[in-house]
1. Would you check if Arg72 is over 15 Å from the mean Cα position of the chain (by Cα) and farther than 27 Å from Tyr44 by Cβ?
2. Among the residues of the stretch 52-60, are any surrounded by 13 or more Cβ atoms within 10 Å (Cβ to Cβ), in contact with a helix residue (DSSP H, G or I) (Cβ under 6 Å, 6 or more places away or on another chain), in a strand (DSSP E or B) and modelled with pLDDT of 95 or more?
3. Starting from residues that are among the small types (Gly, Ala, Ser) and surrounded by fewer than 22 Cβ atoms within 10 Å (Cβ to Cβ), keep the ones in the stretch 95-118 and report whichever is nearest to Thr35 (Cα to Cα).
4. Filter the stretch 78-89 for residues that are of a type in the set (D, E, K, R) and either crowded, with 20+ Cβ neighbours inside 10 Å or modelled with pLDDT under 95 (or both); which is farthest from Thr35 (Cα to Cα)?
5. From the list Val75, Val92, which one is aliphatic (A, V, I, L, M), under 26 Å from Ala25 (Cα atoms), touching a helix residue (DSSP H, G or I) at 6+ places or on another chain (Cβ under 6 Å) and surrounded by 13 or more Cβ atoms within 10 Å (Cβ to Cβ)?
6. Scan the stretch 119-143 and report the pairs whose first residue is within 20 Å of Asp45 (Cβ to Cβ) and crowded, with 20+ Cβ neighbours inside 10 Å and whose second residue is at pLDDT 95 or above and among the hydroxyl-bearing types (Ser, Thr, Tyr), with Cβ atoms within less than 7 Å and a gap of 6+ or a chain change.
7. Inside the stretch 92-126, can you point out the residues that are assigned to a loop (DSSP other than H, G, I, E, B) and either touching a Pro at 6+ places or on another chain (Cβ under 9 Å) or at pLDDT 95 or above (or both)?
8. For the stretch 61-75, give me each residue that is assigned to a loop (DSSP other than H, G, I, E, B) and not acidic (Asp, Glu).
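The values are calculated or read from the model by the stated rules, or taken from the named source; none is laboratory data. Small disclaimer: the values here were computed from a predicted structure and weren't measured. Cβ coordinates were reconstructed from backbone atoms using ideal geometry, including for glycine residues, and neighbour counts include every protein chain displayed.
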Amino acid sequence: MFASPGDYVREPLQLQIDHTRADEASRTAPAVVSTTFPVERGGYDEILSHEAGAVDLPRAPLPLIEAHDNSRVNVGIVENLRLAGKKLRGTVRLGNTERARELWEDVKAGIVRNLSVGYQWLDYRDEGKNVIVTRWLPYEVSLVAVGADPNAGLFRGKTMPETPENTPENNPETPDIVTRTPAARSAAKAAMRTRSARA
């Protein structure tokens, strides 16, 4: 599978909410949202750039949801987003709902630790077997059960499967998710050239 510029990607991360620095009064904890760790995408490795200007943050603070289920209200937010040391860092803040309070107890205990970021490709370049996403737009951060990035805060790993509530048909405001084949890669480049010409 190959993402195109403008596609929506859900990426499990080993986000590592730092539960040892959790603040009980404000229900906040520092976290690493993403890193440059290469993620295997079936034929190529995807690397999110964390250079200055690579991450567009007009939607910050980002909603914190569960398992990319955007049909339910968010349980918190991720605020104070900033690039530091090739990582996107932020502060996870849980809300006041009963579910948010339940999750906060597990965050403090170090039981709920994994995050996944949902984002959109804006631009990229090929470097051998690597695809460097040079500009990208985070939409949301999710608490998830499984992740894999050893360098990130709560874990980044395999792509989350599409579920009925997460398909583009049921979420018209979510950019399409396309297969990441070589043909799709060529189409993505052609589309990017078109976008550049229109800009």
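1. Details: over 15 Å from the mean Cα position of the chain (by Cα): yes; farther than 27 Å from Tyr44 by Cβ: yes.
It is true that Arg72 is over 15 Å from the mean Cα position of the chain (by Cα) and farther than 27 Å from Tyr44 by Cβ.
2. No, the stretch 52-60 has no match at all.
3. Of the stretch 95-118, the ones among the small types (Gly, Ala, Ser) are 95, 100, 109-110, 116, 118.
Checking which are surrounded by fewer than 22 Cβ atoms within 10 Å (Cβ to Cβ) leaves us with 95, 100, 109-110.
Values: Gly95: 26, Ala100: 26, Ala109: 24, Gly110: 21 Å.
Looking at residues that are among the small types (Gly, Ala, Ser) and surrounded by fewer than 22 Cβ atoms within 10 Å (Cβ to Cβ), I get Gly110.
4. First, pick out the residues of the stretch 78-89 that are of a type in the set (D, E, K, R): 79, 82, 86-87, 89.
From the residues that got through so far, the ones that are either crowded, with 20+ Cβ neighbours inside 10 Å or modelled with pLDDT under 95 (or both) too are 86-87, 89.
On the way: Lys86: 6, Lys87: 5, Arg89: 9 Å.
Within the stretch 78-89, the match that is farthest from Thr35 (Cα to Cα) is Arg89.
5. Working: Val92 fails: touching a helix residue (DSSP H, G or I) at 6+ places or on another chain (Cβ under 6 Å).
None of the others qualify; the one that does is Val75.
6. Short answer, once both residue conditions are applied: Tyr124/Thr134; Val131/Tyr124; Val133/Ser49; Val133/Tyr124.
7. Keep residues of the stretch 92-126 that are assigned to a loop (DSSP other than H, G, I, E, B), which gives 95-97, 109-113.
Passing the criteria: Gly95, Asn96, Thr97.
8. Within the stretch 61-75, Pro61, Ala67, His68, Asn70, Ser71, Arg72, Val73, Asn74, Val75 meet the criteria.
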